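Working notes, structure below.
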Amino acid sequence: MNSRPKLIATDLDGTIVAHYGEISQRTVNVFRRADDLGIEVFFVTGRPPRWMPEIKDAFGIGRAICGNGAMLYDLMEDKVLEEWLLSVDAQLEAVKRLRSQIPKVSFSVETSSDFHREKNYIPRWDVGLDNLGVDLIEEVMLTPALKLLARCSQQELSSDEMLHIALQELEEIATVTHSNSHDSLLEISAIGVSKGETLARMAGRLGIEARDCVAFGDNPNDFSMLRWAGRSYAMADGHPDSRNHAKDIAPPHTENGVAVILEELLQLPA
């Protein structure tokens, strides 16, 4: 492809946000340059809205798809625009099936504004939220959820091992993925909901075809997006399977890999 993209979609953590939380000025500059050129920018993430202020503050531009595709979020106005949620029945069934196959699993549930967890679920990032917890997550499964999270808090199984089990158990009732191969955590969304599906929907509304989109990602929750976009880059330091879903490889995120690629793409004619 000899023209610059009309839409840029990127994952955040491990792709343009370092694991220690830093966003480089080089990365910020290239995304702002893309925006100046009239290119649509989508930050496509597993994060909930409450984790997005740093992205707004750093970039000051762009749209957001949160919850692995479950939410369209107005980044600049801090407003939830649309949601595609996991029903209460699907939550309950997913918990039942995973408990039977992963005995030491524990759960939390995420909505646009709330986070609830079981006492045995040890949060890694939402420390300070729901400090008390409940004995069984079923007690607080009262509304459709952005995500259901399943964790082996003592890391009895890896995320990849948990995913292998869950893909078989939840095939007909939910979409299951993960965003960190070094953890023991699954992220479970409504059936058919994914980053790729929602990104395709948003691009369609803008009249932009997949061939005019470029996507960047590093983990299984990015695979659908990497497969869909006409140009896509797996991060060199990402999940080893990511390169099987992308068209190309970007340098490591610790070396400003996304910025390196975008600086080249923005030099192409419109």
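Using 1/(1 + (r/R0)^6) with R0 = 22 angstrom and r between the beta carbons of VAL88 and TRP125, what's the FRET efficiency to the nearest 0.05?
My answer for the efficiency is 0.35.
I need the calculated FRET efficiency for the pair ASN2 and GLU139, taking r as the beta carbon distance and R₀ as 45 Å, to the nearest 0.05.
Given R0 = 45 Å and the Cβ-Cβ separation, E is 0.20.
Here the residues TRP228, TRP51, TRP125, ranked from fewest to most Cβ neighbours within 10 Å of their Cβ, fall in the order TRP125, TRP51, TRP228. Using alpha-carbon positions, what is the distance between the centroids of segment 1-56 and segment 160-235, in Å? When both Cα centres are located, 17 Å separates them. Model label points for ILE249 and GLU172, set 7 angstrom from Cα along the Cα-to-Cβ axis, are 4.0 nm apart. Fully extending the segment from ARG201 to LEU37, taken as 0.36 nm per residue of separation minus the present Cα-Cα distance, adds 56.8 nm. Backbone N atoms of segment 8-36 closer than 12 Å to the 7 Å Cα→Cβ label point of LYS56 are not found in any residue.
Which FRET efficiency value, to the nearest 0.05, is calculated for GLU77 and GLU156 with the Förster distance at 45 angstrom and r the Cβ-Cβ distance? So the FRET efficiency works out to roughly 0.60.
Among TYR233, TYR121, sorting on how many other beta-carbon atoms sit within 10 Å of each Cβ, with the fewest leading, yields TYR121, TYR233.
Each value in this text was obtained by applying a stated rule to the coordinates, not by laboratory testing. It should be emphasised that the depicted structure is a prediction, and the values quoted were computed from it without experimental measurement. Glycine gets a Cβ as well: all are built from the backbone with ideal geometry, and neighbour counts include every protein chain shown.
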